[in-house]
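Engineer: What follows is a structure written as structure tokens; I'll ask about it next.
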Amino acid sequence: MTRVSSSIASVVVLAAGQGKRMKSELPKVLHEVCGRPMLLHVLAAAREVHPGRIIVVLGHGHEQVVPHLPPDCVVAIQKEQRGTGHAVLAAAALIPEGDMLVIPGDTPLITGDVLKALVEEHESSAAVATVLTMRLADPSGYGRIVRFPDGSVARIVEHRDANENQLAIQEVNSGMYVLPAPLTLDILRTVGSDNDQGEIYLTDVVAGLRQEGERVGASLVEDPGLLLGVNSPLELAQAEALMGERIKNGLMLAGAIIVDPGSTIVGADVTLDPGVVLRPFSTLCGSTNVAAGSDIGPGTTLVDAQIGKDSVLPHCYVRATALEDGTRLRPFTVVDGLPEES
């Protein structure tokens, strides 16, 4: 397949954080959203801008994360977590010359369309860098976007470092950028960590670029929900609900009938042919596929199951099994293709 050309030489995904607020031994980016580690949702979106290289910066628990990465990713290790700018510097040896897209690994709701729009706006502007921004009614905790009168970005001020006037700004940083390499790396090596966290902020690159006489633009996202970061179990549940709604809406628009979406769970890797009927209180997850004409549920669970055409499965549990076309199962049937654990 011919690769679509892109101005993005590299995507740098920042996934080194420990995620202390998750209160879990599992690295934050491996927590699942609709059956898929959140980092893999981010990588799927990043791949849609057709970068020359995808670099994943890992730190805490990197031994656990690496086996989940697709083969088209290269890994940089941030041995100590000293901020987002420090994380980018940890990948410096892998970053080629040209525009790089920097995105956090804990934003599973980001879409390829949003990232492509960011890249397109950057390409059509005179800016050397572009920040993806959003407006929030309550911007607490987010870096504020300080603009010049001409609309370009003067700097990004972290919430903890902002003064009273800056705290009133509702346009905030999403943590996603198109930045020039190697100029960004050169700036990060000199900005230092003179802030209350003692960290190297990637946001300081904006002011550094301005000092170099370069213009920095901003691309405002209409729906801030697409940029939701996950830092706690509560935010994980919110992302799960939003992603689940997106998945089910997409399947229904493609012709599947989901009788009661609110009581139905469908994973990110599930496929339903047009005409499938999915009844209430059913759960479909893993690499499940249901062929046309099948009637699933109510109360049915399918895990890594391949269901043939015109099958009827009320109140059933089917795992790791392929069922032939026209299969009719009695209620409360269990079909488990995995061996029992000893």
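The values are calculated or read from the model by the stated rules, or taken from the named source; none is laboratory data. Bear in mind that the values here come from a model prediction, so they are computed numbers and not experimental data. Here Cβ is always computed from backbone atoms with ideal geometry, including for glycine, and neighbour counts include all displayed protein chains. Ligands, DNA and RNA are excluded from the accessible area calculation, which covers all protein heavy atoms including side chains. Shrake-Rupley method; radii C 1.70, N 1.55, O 1.52, S 1.80 Å.
Engineer: Can you give the accessible area of F332 in Å² (nearest 10), computed on protein heavy atoms with a 1.4 Å probe?
Structural biologist: Counting only protein heavy atoms, the figure is 150 Å².
Engineer: On to the next question. Two decimals is fine: what is log10 I(q)/I(0) at q = 0.21 Å⁻¹ for the range 128-190, from a Debye sum with one equal scatterer on every Cα and no solvent?
Structural biologist: -0.88
Engineer: Could I ask something else about it? Within the range 111-149, find all residues whose amide N lies under 11 Å from a label point positioned 7 Å from the Cα of L167 along Cα-to-beta-carbon.
Structural biologist: Residues 140-141 qualify, since their backbone N sits under 11 Å from the label point.
Engineer: Please quote Rg/Rh for the chain to two decimal places, taking the Kirkwood radius as Rh and restricting both calculations to Cα atoms.
Structural biologist: Looking at the chain, the ratio lands at 1.04.
Engineer: For the chain, what number of Lys pairs, 8 or more residues apart or on separate chains, have alpha-carbon atoms under 29 Å from each other?
Structural biologist: For the chain, qualifying lysine pairs total 8.
Engineer: So if I place +1 on the C-beta of Lys and Arg and -1 on the C-beta of Asp and Glu, and nothing else carries charge, what would the dipole magnitude of the chain be about its Cα centre? I want it in debye, nearest 20.
Structural biologist: Roughly 140 debye, rounded to the nearest 20.
Engineer: Now for a different question. Quick one: accessible area per residue over the chain, 1.4 Å probe, rounded to a whole number of Å²?
Structural biologist: Ligands and nucleic acids excluded, the figure is 47 Å² per residue.
Engineer: Right, here's the next one. Assign unit charges at the C-beta atoms only (+1 for Lys and Arg, -1 for Asp and Glu), then state the dipole size of the range 216-340 relative to its Cα centre in Debye, rounded to the nearest 20.
Structural biologist: 260 debye
Engineer: At a probe radius of 1.4 Å, what is the per-residue accessible area of D304, in Å² to the nearest 10?
Structural biologist: Here the accessible area works out near 70 Å².
Engineer: While we're on this one: Taking a ≥ b ≥ c as the square roots of the Cα gyration tensor eigenvalues, with a/c under 1.5 meaning rounded and otherwise prolate when a/b beats b/c, else oblate, which class fits the range 1-159?
Structural biologist: Since a/c reaches 1.5 but b/c is at least a/b, the shape of the range 1-159 is classed as oblate.
Engineer: Where the Cα atoms of the range 247-334 are projected onto their three principal axes, how long is each span, largest first, in whole Å?
Structural biologist: Over the range 247-334, Cα extents along the principal axes are 29, 22, 20 Å.
Engineer: A follow-up question, please. Stokes-Einstein diffusion coefficient for the range 100-142 at 37 °C in a medium of 0.692 mPa s, Rh from the Kirkwood formula over Cα pairs: what value in µm²/s?
Structural biologist: The diffusion coefficient I find is 270 µm²/s.
Engineer: For K23, K248, give the ranking by accessible area with the largest first, probe 1.4 Å.
Structural biologist: K23, K248
Engineer: Determine the relative contact order of the range 12-161: mean sequence separation of Cα pairs under 8 Å and six or more apart, normalised by residue count, in whole percent.
Structural biologist: 26 percent
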